[in-house]
1. Tell me the residue from Y86, Y6 that is touching an Asp or Glu at 6+ places or on another chain (Cβ under 8 Å) and closer than 26 Å to K192 by Cα, please.
2. Can you confirm whether segment 254-261 contains a residue that is in a loop (DSSP other than H, G, I, E, B), surrounded by fewer than 16 Cβ atoms within 10 Å (Cβ to Cβ) and among the polar types (S, T, N, Q)?
3. Could you count how many residues in segment 2-19 are of a type in the set (S, T, N, Q) and at pLDDT 95 or above?
4. Evaluate the following for I76: is it assigned to a loop (DSSP other than H, G, I, E, B), in contact (Cβ under 8 Å) with a residue 40 or more places away in the chain, surrounded by 16 or more Cβ atoms within 10 Å (Cβ to Cβ) and not polar (S, T, N, Q)?
5. What's the number of the condition I53 fails, among (1) in the same structural domain as L25 (by TED's automatic domain parsing); (2) in contact with a Phe, Trp or Tyr (Cβ under 9 Å, 6 or more places away or on another chain); (3) over 25 Å from K11 (Cα atoms)?
6. So which residues in segment 44-57 are surrounded by 18 or more Cβ atoms within 10 Å (Cβ to Cβ) and either of a type outside the set (A, V, I, L, M, F, W, C) or touching a strand residue (DSSP E or B) at 6+ places or on another chain (Cβ under 8 Å) (or both), if there are any at all?
7. Answer yes or no: is there a residue in segment 249-257 that is on the phi > 0 side of the Ramachandran plot and either modelled with pLDDT under 95 or among the hydroxyl-bearing types (S, T, Y) (or both).
8. Of everything in segment 1-34, what is part of a loop (DSSP other than H, G, I, E, B) and either crowded, with 17+ Cβ neighbours inside 10 Å or among the charged types (D, E, K, R) (or both)? Give them in sequence order.
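The values are calculated or read from the model by the stated rules, or taken from the named source; none is laboratory data. Keep in mind it's a predicted model, so treat the numbers as computed, not measured. Cβ sites come from the backbone with ideal geometry, for glycine too, and all protein chains shown count toward neighbours.
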Amino acid sequence: MKFVTYLEQQKEKVGLLIDDSTYDLNQINPNLPQTLTEILADSDFCFPIIHQIQKEISNGNHKKAIILNPQLIAPIPHPPSFRDAYAFRQHVETSRLNRGLEMIPEFDEIPVFYFSNHQAIQGPGKVFAMPEHFNQMDFELEVAIVIKKEGINIKAENADEYIGGFMILNDLSARALQMQEMKLNLGPAKGKDFASMMGPFLVTPDELKSYKVAPKEGHIGNCYDLEMTCSVNDIEVSRGNFKDMHWTFAEIIERVSYGVKIYPGDIIGSGTVGTGCFLELNGTGKRKDENYIPQWLQPNDKIEMEVKELGKLTNSVHLYDDNLNDYARD
């Protein structure tokens, strides 16, 4: 199943996405919960009903429930928490090489993560940022999961059953702020807390079964062969694959839930795929050619991220004019 969350007269509603059409779930069945987090948390009750709705739609029913041009927001617009991991070896190894550092051995010991701002979640569309955010603004091409049930001390071999769905994540980063604060060995914080874009829809794990592949040697958990790309202003700048995660989401959940409860709606990001940000690309370019000119996101740039079966997440970044206390318009 594929779910979206959209706005209708400023009210958040859940839609079922089928063949590029969005169906208002509550119009079809008012007994279903009002939010996607609630639907995932009560999936034993909700999913059989929604599967039946899918069959009815395939038979030509519920056409009156189609929403034309829905105003999409993030599938989970108000998560209880948002953690981001560091799971792709290529990104970590290359980024360290670009700084003249050897691969850190602790990467192979634990799947590390940090907490980001769960109040700064956005979906497709325009994103506004402050002037300092545009000092080396960067995209980060990732996949995120949404937790569907509560748990604590979850073992990796059981952790995949806690995943309610997958979606694209663009973890926007202000690199100059990030580098400044991380000299103090604490963070990232201000370099990451202003915008994280997710969507355009959430895909349940059953939709990805045919793409399942074995994890890296010595690891356990589901892994999927899904190509990932990012374009800036219609020029491809990044290409990777979801299957290249060194740490699986199952292993990350085990680490996250150690001594701590996770809850329905919690979001966990994969970390940046190899080549999945300008920080890595610029470092590689400069290491290979001293005349390389670094690239960063500029005001009015368009960022398009596409992951096989997870859709295309399109955003543009714009300057917030603090002096006018309003968004600067193009």
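1. Details: Y86 fails: touching an Asp or Glu at 6+ places or on another chain (Cβ under 8 Å).
None of the others qualify; the one that does is Y6.
2. Taking segment 254-261 first, the residues in a loop (DSSP other than H, G, I, E, B) are 257-261.
Keeping just the survivors that are surrounded by fewer than 16 Cβ atoms within 10 Å (Cβ to Cβ) gives 258-261.
Filter once more, so that each one left must be among the polar types (S, T, N, Q): none.
No, that holds for no residue.
3. Step one: filter segment 2-19 for residues of a type in the set (S, T, N, Q), giving 5, 9-10.
Those left that are additionally at pLDDT 95 or above: 5.
Here the count works out to 1.
4. yes
5. Failed condition: (3).
6. To start, the set of residues in segment 44-57 that are surrounded by 18 or more Cβ atoms within 10 Å (Cβ to Cβ) comprises 46, 50, 53, 57.
Within segment 44-57, I50, I53, I57 qualify.
7. From segment 249-257, those on the phi > 0 side of the Ramachandran plot are none; that's our starting set.
The answer is no, given that none of the residues of segment 249-257 is on the phi > 0 side of the Ramachandran plot and either modelled with pLDDT under 95 or among the hydroxyl-bearing types (S, T, Y) (or both).
8. In the first step, residues of segment 1-34 are kept if they are part of a loop (DSSP other than H, G, I, E, B); the result is 1, 9-10, 19-20, 29-34.
Result: M1, D19, D20, L32.
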